[in-house]
Amino acid sequence: MRRPILCLALLLTLAACGAKSVWAPDADVARAAYAADTPPSVTLFTVLNKRSHGGAHSGLLINGTQRVMFDPAGSWHHPALPERNDLFYGMTDKMVNFYIDYHSRETFDVLEQTVPVSPEVAALVMQRATAHGAVPKALCASSISDILRGVPGFEAVPNTFAPKKLVAAFEIMPGMSSRLITDTDADNNHGVLLVQAGDPRLD
């Protein structure tokens, strides 16, 4: 038993060394700020492997006074979106669609789970995401659980490294709505190709 624990500790230590800090200038963040014309909410995105049905990645969309995406330890980005340590500003509807398109393809589905919250809860979740810092590889679900645990309404969120345990916690939250996004695009990160092609949907 001791050896697996030591191996896990070593893995987490090595991962922590790889977290890269990114901090966009204040002017860029202010310019990109986007407020959605929808009630406050928190949305969990989970990338699901179609073959194994396992959780491959977790991201958190926070919709409060502005809408931001916390994409911990992810490879997704857009040159028009300022980033501060895995928190992306300027999440218009087009950018949310880009996020989904980037992750959904022939080998992966994306599960979207939205929970309505008060403005105060949305502000608290955003505050915690802002303060969290850059996330090392393989710790996406863990960082989201750290941010949500202790927030009113999210008491069911466990301390976990497993994306599907976050899915289960969101499943029982009052008012939760969900949808499963599937795509038959080739396994080539289609969203990146849209950006390279200058697709107007992502302007």
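The values are calculated or read from the model by the stated rules, or taken from the named source; none is laboratory data. Just so we're clear, the structure is a prediction, and the values are computed from it rather than from any experiment. Methodologically, a virtual Cβ is constructed for each residue, glycine included, from the backbone with ideal geometry; neighbour enumeration extends over all protein chains shown.
What's the number of the only condition in (1) under 21 Å from Thr184 (Cα atoms); (2) not in a helix (DSSP H, G or I) that Pro136 fails to meet?
If we test Pro136 against (1) under 21 Å from Thr184 (Cα atoms); (2) not in a helix (DSSP H, G or I), just (1) comes out false.
Can you spot a residue in the stretch 32-47 that is part of a helix (DSSP H, G or I) and surrounded by 13 or more Cβ atoms within 10 Å (Cβ to Cβ)?
Yes, the stretch 32-47 contains at least one residue that is part of a helix (DSSP H, G or I) and surrounded by 13 or more Cβ atoms within 10 Å (Cβ to Cβ).
Here's the yes/no breakdown for (1) at pLDDT below 95; (2) small (Gly, Ala, Ser); (3) surrounded by fewer than 20 Cβ atoms within 10 Å (Cβ to Cβ); (4) in a strand (DSSP E or B):
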| site | (1), (2), (3), (4) |
| --- | --- |
| Gly74 | yes, yes, no, no |
| Pro79 | yes, no, yes, no |
| Glu112 | no, no, yes, yes |
| Val125 | no, no, no, no |
| Ser142 | no, yes, no, no |
| Ile147 | no, no, no, no |
| Gly150 | yes, yes, yes, no |
| Pro158 | no, no, yes, no |
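Which count do you get for residues in the stretch 56-72 that are assigned to a strand (DSSP E or B), small (Gly, Ala, Ser) and surrounded by 21 or more Cβ atoms within 10 Å (Cβ to Cβ)?
Matching residues across the stretch 56-72 total 2.
What is the residue count in the stretch 148-191 for residues that are under 15 Å from Ser41 (Cα atoms) and of a type in the set (Gly, Ala, Ser)?
4
Go through the residues of the stretch 5-25 one by one and say whether even a single one is touching a helix residue (DSSP H, G or I) at 6+ places or on another chain (Cβ under 6 Å), part of a loop (DSSP other than H, G, I, E, B) and modelled with pLDDT of 95 or more.
There is no residue in the stretch 5-25 that is touching a helix residue (DSSP H, G or I) at 6+ places or on another chain (Cβ under 6 Å), part of a loop (DSSP other than H, G, I, E, B) and modelled with pLDDT of 95 or more.
Looking at the stretch 72-85, which of its residues are touching a residue at least 60 places away in the same chain (Cβ under 8 Å) and not polar (S, T, N, Q)?
Pro72, Ala73, Gly74, Trp76, His78, Pro79, Glu83, Arg84, listed by residue number.
I need the full set of residues from the stretch 43-74 which are within 23 Å of Asp26 (Cα to Cα) and not hydrophobic (A, V, I, L, M, F, W, C), in order please.
Answer for the stretch 43-74, where residues must be within 23 Å of Asp26 (Cα to Cα) and not hydrophobic (A, V, I, L, M, F, W, C): Asn63, Gly64, Thr65, Gln66, Arg67, Asp71, Pro72, Gly74.
Could you list, in sequence order, the residues of the stretch 81-110 that are farther than 21 Å from Arg51 by Cβ, outside any loop (DSSP other than H, G, I, E, B) and not β-branched (Val, Ile, Thr)?
First pass over the stretch 81-110, keeping only residues farther than 21 Å from Arg51 by Cβ: 81-99.
Still in the list and also outside any loop (DSSP other than H, G, I, E, B): 83-84, 87-89, 93-99.
Once the filter is applied, which keeps residues that are farther than 21 Å from Arg51 by Cβ, outside any loop (DSSP other than H, G, I, E, B) and not β-branched (Val, Ile, Thr), the stretch 81-110 yields Glu83, Arg84, Leu87, Phe88, Tyr89, Asp93, Lys94, Met95, Asn97, Phe98, Tyr99.
Which residues, counting only those in the stretch 114-123, are of a type in the set (A, V, I, L, M) and either free of Cβ contacts under 8 Å to residues at least 40 places away in the same chain or assigned to a helix (DSSP H, G or I) (or both)? Show your work before the answer.
Within the stretch 114-123, the first condition is being of a type in the set (A, V, I, L, M), and the residues that meet it are 115, 117, 121-123.
Across the stretch 114-123, the qualifying residues are Val121, Ala122, Ala123.
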